[in-house]
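Structure first, commentary second.
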Amino acid sequence: MKRVKKQNKLHLQYNRDSTKPKWRIYFATLIVFLLFISVSYKALSLQVLDRDKSFKIAKRQHSSSLTLLPKRGNILDTKGTYLATSVDTTSIYVNPRLIKDPKKFATVVSDNTKFGYKELLSDAVSNKSFIWLDRLANPDTVKKLKEMDVDGIGFVQEPKRIYPNDYLIGQVLGFTNIDSKGIEGIEYNLDGVLAGKPQKINLKRDARGKQIMYSPVDIEEKTRGFDVELTIDSQVQHIVEKELRDGVEKMGGDAGMALLMEPNTGEILAMASYPFFNPNRFSEFPNKTRRNLPVWYTFEPGSTLKIFLAAAAIEEKLANSNTKYDCENGKRKVGPKVIKDTHPHGILTVAEVIEVSSNICASKMGETLGKKSLYKYLTDFGFGEKLGIDLPGEPGGLLQKTKKWGPVELATISFGQGISVTALQLASALSSIANGGYLMKPYIVKKISTPNGEIVTNNKPEIIKRVVSYDTAKQVASIMEGVVDNGTGKNAQISGYSVAGKTGTAQIPNPNTGGYYKEKYMASFVGFAPVDDPKITLIVVVENPRKSIYGGSVSAPIFKAITEKVLFYLNTPTRSGFTGTKLMPNFKGKSTRDILRWADENGVEVKFNGSGFSDTQTPIAGEEIKEDTICSFELTQDI
């Protein structure tokens, strides 16, 4: 009986235990099934649903790339002359995986090139497959290495930025660094436009993720940046730079600047800073020389500001050309200060005040106008604020609020002290007198276009505001003509043309003392011509001249030299009935037949060197042809 019970107990225990493996099998089967579904879905996703994404992931794992320099767009002048462009240059790299004997490689290459042995050996034993040795290399180095035919040395073409005219308009253009990134000037301001899409060298990776480079090198197609056309005329720029340099050096100045503008549109035709700057060798020049002075440099305008003082008084009908002021024989006390004139004068009209540049009468004119009204007109003329030119580094200048003006400040600002301006602001303000009363927005970028010629930006003249009436502008222009004909600007007179101008002489502030340097001055001349139909507005400023300090003797002659040549280059008609000296035309690209016809008509002797079309000439365009001058021409077949 006990044995039967024991057998039944064992049987029941067996039945319970025998059911457990079935549940485990079911559970395991379910897990496997779910995993299978998950893997199947993932495979479906990778191979069908997200196929493109999967390819990208795989590509990243098995390939990589190295970025080459982008090919920047061209910068051109208004006539299509290249001011900045990019040319293909060879860069040198090392592929260590192709080097069998690193020590021999380093010895052979270092013995025949400028590269050091240690640097080469370090590259040769690297586990990389691509190392830059020399980007934008010297052509002689490239030639020598190609002739040596050393395993492990490779070559690729990269664009190098060049400036074909060297110093011409250097500060305006700016430059690019070794990575082809714009640093200053147009290159910096329009870097996003000029910079093209970088080229890439496509590489492979092995199972360990190391780069593998094949020959020939696999390079993606490059995309060039947009082209930028400026309002600058290279011929005009050349004239401006030559005369500015000669004038500054003659007067022993530290620096000089000139800005030439088309008064009716605001277009910049030339913009120069001296000493000059060559962007092809930017590292050789100090930061100060790289700066675009007409835009960047602020200075006290001195007596040139009297033009706008007179315009404000006339516009407010508080004065006219014949209104008289007492100049008190050269001395006047204002508050604790004594204002002096260079030469003592008695009673003068407004026109005469501007002609002789009396500070005393200018201070009285400022009092007549009042500080609020004077401040309004100065800001209307564009002083104390940025004009928004398409160049970097423009400041607003300094024009304090009227609450800081006392009697002395009102007096000194009236004759151009205690206020700072830029040459750009002066040119724009003066152009509003030349064009009949409109302040135009200055601009230097004419248009931007794609590599295939499609225009994406086309800048047009833009009026900021009307500052004074047409009648006021014409009356002030007439006063300024008197400055050149009878006053301090006689050195700016040009045969055959009427010229409006104003001289300026101002002390240079000393930042260390808060006062002024005793023997440092800014000599300036501002003007436009011809008076009845202005074609150009020109600002000339010389810093710290040593031969003389006055704008009439320092800057007016430079103004004259530039203006007479530019007016001739622009084919500006002389005054009716004028017969004066002969000036040399611009014969660039002209044939010998054209030159001989001109010479015969004008009784000029010429000689030629070479054949084809005129490339260079002596005298240059705009220079006077004297009685014994023989005009010579260098001819070439390729213009």
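When you look at residue 265, is it under 14 Å from the mean Cα position of the chain (by Cα) and over 19 Å from residue 560 (Cβ atoms), yes or no? Here the answer is no, as residue 265 does not meet what is asked. Taking the criterion of being over 28 Å from residue 263 (Cα atoms) and not hydroxyl-bearing (Ser, Thr, Tyr), the residues of the range 517-548 that qualify are 518, 519, 520, 544, 545, 546, 547. The set of residues in the range 369-427 that are of a type in the set (A, V, I, L, M, F, W, C) and assigned to a loop (DSSP other than H, G, I, E, B) comprises 381, 383, 387, 389, 391, 399, 405, 415, 419.
Could you list, in sequence order, the residues of the range 457-498 that are of a type in the set (A, V, I, L, M, F, W, C) and farther than 25 Å from residue 378 by Cβ? Hit for the range 457-498 is 494, nothing else.
Against the test of being in contact (Cβ under 8 Å) with a residue 60 or more places away in the chain, in contact with a helix residue (DSSP H, G or I) (Cβ under 8 Å, 6 or more places away or on another chain) and in the same structural domain as residue 305 (by TED's automatic domain parsing), the options 496, 437, 501, 487 yield a single qualifying residue, 487.
Listed here are the residues, each with its yes/no results for (1) in contact with a Leu (Cβ under 8 Å, 6 or more places away or on another chain); (2) surrounded by 20 or more Cβ atoms within 10 Å (Cβ to Cβ); (3) closer than 21 Å to residue 484 by Cβ.
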position	(1), (2), (3)
272	yes, yes, no
277	no, yes, no
291	no, no, no
295	yes, yes, no
299	no, yes, no
304	yes, yes, yes
322	no, no, yes
325	yes, yes, no
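Just one of (1) acidic (Asp, Glu); (2) modelled with pLDDT of 95 or more; (3) within 26 Å of residue 525 (Cβ to Cβ) fails for residue 485. It is (2).
Please specify each residue of the range 330-359 satisfying the condition of being surrounded by fewer than 16 Cβ atoms within 10 Å (Cβ to Cβ), more than 15 Å from residue 417 (Cα to Cα) and touching a residue at least 24 places away in the same chain (Cβ under 8 Å). Correct list: 331, 335, 336. Applying the criterion of being assigned to a loop (DSSP other than H, G, I, E, B) and in contact with a strand residue (DSSP E or B) (Cβ under 9 Å, 6 or more places away or on another chain) to the residues of the range 114-126, the residue that is farthest from residue 279 (Cα to Cα) is 126. Looking only at residues in the range 169-192 that are modelled with pLDDT under 95 and aliphatic (A, V, I, L, M), which one is surrounded by the fewest Cβ atoms within 10 Å (Cβ to Cβ)? Across the range 169-192, the extreme among qualifying residues is 178.
Within the range 172-196, residues that are within 19 Å of residue 284 (Cα to Cα) reach partners that are hydroxyl-bearing (Ser, Thr, Tyr) with beta carbons closer than 7 Å, at six or more positions or on different chains, in the pairs 173/163; 174/188; 182/176; 182/188; 183/176; 187/176. Residues that are closer than 30 Å to residue 439 by Cβ and in the same structural domain as residue 304 (by TED's automatic domain parsing) number at least 3 in the following helices (runs of 4 or more DSSP H) confined to the range 504-618: 551-554, 556-569.
Assessment of the range 325-335 against the conditions (under 30 Å from residue 282 (Cβ atoms) and modelled with pLDDT of 90 or more) yields no matching residue.
Strands (runs of 3 or more DSSP E) fully within the range 131-203 that include at least 1 residues being aliphatic (A, V, I, L, M) and more than 32 Å from the chain's Cα centre (by Cα): 131-134, 153-162. Scan the range 80-96 and give yes if some residue there is at pLDDT 90 or above and not in a strand (DSSP E or B), otherwise no. Yes, the range 80-96 contains at least one residue that is at pLDDT 90 or above and not in a strand (DSSP E or B). In the range 252-264, which residues are crowded, with 18+ Cβ neighbours inside 10 Å, in a loop (DSSP other than H, G, I, E, B) and in contact with a Pro (Cβ under 8 Å, 6 or more places away or on another chain)? 253, 263 - these are the residues of the range 252-264 that are crowded, with 18+ Cβ neighbours inside 10 Å, in a loop (DSSP other than H, G, I, E, B) and in contact with a Pro (Cβ under 8 Å, 6 or more places away or on another chain). Close Cβ contacts (under 6 Å, 6 or more residues apart or on different chains) running from residues in the range 271-287 that are not assigned by TED's automatic domain parsing to the domain that holds residue 184 and at pLDDT 95 or above to residues that are aliphatic (A, V, I, L, M) and assigned to a loop (DSSP other than H, G, I, E, B) are absent.
The values are calculated or read from the model by the stated rules, or taken from the named source; none is laboratory data. Just so it is clear, the model here is predicted, and its values are computed rather than measured. Glycine gets a Cβ as well: all are built from the backbone with ideal geometry, and neighbour counts include every protein chain shown.
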